[in-house]
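Structure first, then comments.
Where a number appears in this text, it was derived from the coordinates with a stated rule and is not lab data. Everything numeric in this text was worked out from a predicted model, so none of it was measured. Cβ placement follows ideal geometry from the backbone for every residue including glycine, while neighbour counts extend to all protein chains displayed.
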Amino acid sequence: MSIVSILDSGAVKAAKELYGHDVESGSLPLTPTRKEFTGDYTLVVFPLTKAARKKPDAIAEELGGWMQENIEEVSGYNVIKGFLNLELGAAYWNDFLRNAVKAENYGRLSPKGKKVMVEFSSPNTNKPLHLGHIRNILLGWSCSKILDAAGYEVVRVQVVNDRGIAICKSMLAWKLFGEGETPDSSGIKGDHLVGKYYVIFESKFKEEYKSWQDSEAGKAAFAEKAKEGEPEDKFFKRYKNTYFNEHSQLGQQAKEMLLAWESGERETVDLWKKMNSWVYAGFDQTYNRLGVEFDKLYYESETYLNGKDLVEKGLKNGLFKKREDGSVIVDLTDAGLDEKVLLRSDGTSLYITQDLGTAHLRYEDYKSDKMVYVVADEQNYHFKALFETIKLMGEPYADGLHHLAYGMVDLPTGKMKSREGTVVDADDLMDEVIAEARENTKERGELESLSAEEREEIIKRIGLAALKYFIIKVTPKKRMIFDPKESVDLQGQTGPYIQNAFVRIKSVLRKAGEQDHGSFELYEELENQEKEVLLRLSKFPEIVETAAAEYDPSEVANFCYDLAKEFHRFYHDHSILNCDSDNVKKFRIDLSYLTAEVLKTGMDLLGIQMPDRM
């Protein structure tokens, strides 16, 4: 049982014995004591004032006395304005450290007997992975690792969006303007090459649209359909999709290509397979660099028909309705939403069609207790509609669906746009942060004694830690700005700062030599900074549990930073290897060892590798 659970249970018993009041576990807030006060944990007693009919100070005094007398871990207490600060005895901290350094995989929790599927990345095959995908991938990967550490059986999947009008735009642009260019002939990575033609399509479409705006047909459309007083530029921005669907030659060709693909027309399917193979090869290279892998890949091209079958079944069962134009909708107004189209009037599917089919197929494959979708918050409405539709269909997995929504990532220069080619590719971003790490390392000159291969491996780990940590430390719900230079700062809240604490400890442990962990005798005169480090180490299993429950890797990221910062302070003020007592030396070596192990485990949960030197 954790110390928080012990103290919470004690407070519950104390309230019952002292005041005859039944208190629910967790209803008396318990937090680490602020540094300016004496104590380890602070108990908030204000919720007991009504039952006890006493002032908070009196309640805190009585509770403190009861807990010191009845809970062996509590050695003392003090009361500050109604807050009860509890002090834990040196014997408790000695036992904690002794047990933790001997434990196998400290921080990992017992199996829960439940299975969680995490879907992340899920890119389109018309462009390379970019900075936005990076946040998605890092959140999904770290969540899956944290859930695994919390005792869940985890299945990692992605659904590859390999069909649809966007894919046809890249295909059409290559067919019209590519002149047979391939990754081999151009030396361009496959996903980058296909993305190049997605940008070319948009560029050609803009030229076509601008020409049409200046034509008689465009002027007539503006005169007929513009709102009263609406300026031309605002109208044509709003009218762009209508033009694509009703007037554009490129738009018509792209739609014809989509219909040809859905009908299985051989030339179109062959082109689709060829260009997708280029993209998959490129994706694999990027995933390998990020250290990410999947248990299974689902492809929209294989699941959308399953979704169409489910829609047809729901239509027959009266769950959905067919409109006069032939489209199929689901009425979600009772759930506070609106009518959602499930099939277009021409019978083609939408994203929700594919998602219905994929969810059903994945449940049949794995029977997961929960399915987590890592998708940007721009799709909040989509997932509300998807989950309500699945609930309406009565699927057995309907209550286990969760959308892990996250804010978009911007650069200091502003937003990114795929179609305009202003996106920062994931590969280029990794190259940039590794280059920043290389420059920083060169200035310090601390790796000069290593081989070139060893130096590059360390630099890669530092660069990727900078990238990953900078993104993961922000709670998923927040929109964020990624700054490559700031991410590698050794003095800020960064991955390299935490790595530096780990490297410092490894240096100490190398000098200390082998030690029988947990062999120290009772060390009673604990320094405050030692207790601060111990307090954070003791919270690690709780942090893992919380991060898993909230699907929030930033809990682990910020914990690792706080632990590293506290160790840096301890290291600065207290000797480890040259202290007066051999017993204290053993204690501090074990304290350092456990800190290194927890930092390594915590950062691994974020997908970050630790170097032995920096």
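Amide H contacts under 5 Å for LEU84: LEU43, VAL45, restricted to partners 5 or more places along the chain or on a different chain, H placed in the peptide plane at 1.01 Å from N. Decide, for region 240-383, between rounded, prolate and oblate: order the square roots of the alpha carbon gyration tensor eigenvalues as a ≥ b ≥ c, take rounded if a/c falls under 1.5, and otherwise choose prolate if a/b is larger than b/c, else oblate. It comes out oblate by the Cα gyration axes. In the chain, the DSSP beta bridges split such that about 50 percent are antiparallel, to the nearest 5. What FRET efficiency comes out for SER215 versus LEU305 if R0 is 35 angstrom and r is the Cβ-Cβ distance? Round to the nearest 0.05. Once rounded, the FRET efficiency stands at 0.30. Relative to one another, the C-alpha centroids of region 65-127 and region 472-513 are positioned 23 Å apart.
Region 1-108: which trypsin sites (Lys or Arg not before Pro) are DSSP loop and have at most 15 other beta-carbon atoms within 10 angstrom?
ARG34, LYS35, ARG53, LYS81
If a spin label sat at a point 7 angstrom from the Cα of GLU17 along the line to its beta carbon, the backbone N atoms of region 55-83 nearer than 17 Å would be those of 59-77. Once the Cα atoms are used to define both axes, helix 582-605 deviates from the longest principal axis of the chain by about 10 degrees. Taking a ≥ b ≥ c as the square roots of the eigenvalues of the alpha-carbon gyration tensor, region 1-63 is classed oblate because a/c is 1.5 or more while a/b is no larger than b/c.
Taking a ≥ b ≥ c as the square roots of the eigenvalues of the alpha carbon gyration tensor, region 426-605 is oblate, as a/c is not under 1.5 and a/b does not beat b/c. Axis angle, to the nearest 10 degrees, between helix 216-225 and the longest C-alpha principal axis of the chain: 60 degrees.
Amide H to amide H, with H built 1.01 Å from N, SER345 comes under 5 Å of SER327, counting only residues 5 or more places away or on other chains. Rounded to the nearest 0.05, what FRET efficiency do SER263 and PHE222 give with R0 = 22 Å and r taken as the Cβ-Cβ distance? Could you check? It comes to 0.05.
Using just the helices of the chain, give the 222 nm mean residue ellipticity in deg cm²/dmol: DSSP H runs with n ≥ 4 each add -39,500 (n - 2.57), and the total is spread over all residues, rounded to 500.
Mean residue ellipticity, 222 nm, calculated: -18500 deg cm²/dmol.
A full extension of the chain between LEU109 and LYS206 corresponds to an added length of 29.4 nm, given 0.36 nm per residue minus the alpha carbon distance.
The long axis of helix 90-102 is offset from the longest Cα principal axis of the chain by roughly 50 degrees. FRET efficiency for the pair ASP57 and ARG613, taken as 1/(1 + (r/R0)^6) with r the Cβ-Cβ distance and R0 = 45 Å, rounds to 0.25. Over what distance in Å are the Cα centres of region 272-307 and region 558-608 separated? With region 272-307 and region 558-608 each reduced to a Cα centre, they are spaced 41 Å.
Distance between the pseudo-spin-label points of GLU439 and HIS572 (7 Å out from Cα toward the beta carbon): 2.7 nm.
Each peptide among 372-380, 182-190 gets the average number of other Cβ atoms lying within 10 Å of its residues, and from highest to lowest they stand as 372-380, 182-190.
For region 116-410, the calculated P(r) over all alpha carbon pairs, in 5 Å bins from 0 to the bin holding the longest distance, is 1, 5, 10, 13, 15, 16, 15, 12, 8, 4, 2, 0, 0, 0 percent.
Taking 0.36 nm per residue of separation and subtracting the current Cα-Cα distance, fully stretching the chain between MET1 and ASP325 would add 110.4 nm.
The convex hull defined by the C-alpha atoms of the chain has an orientation-averaged projected area of 36.0 nm².
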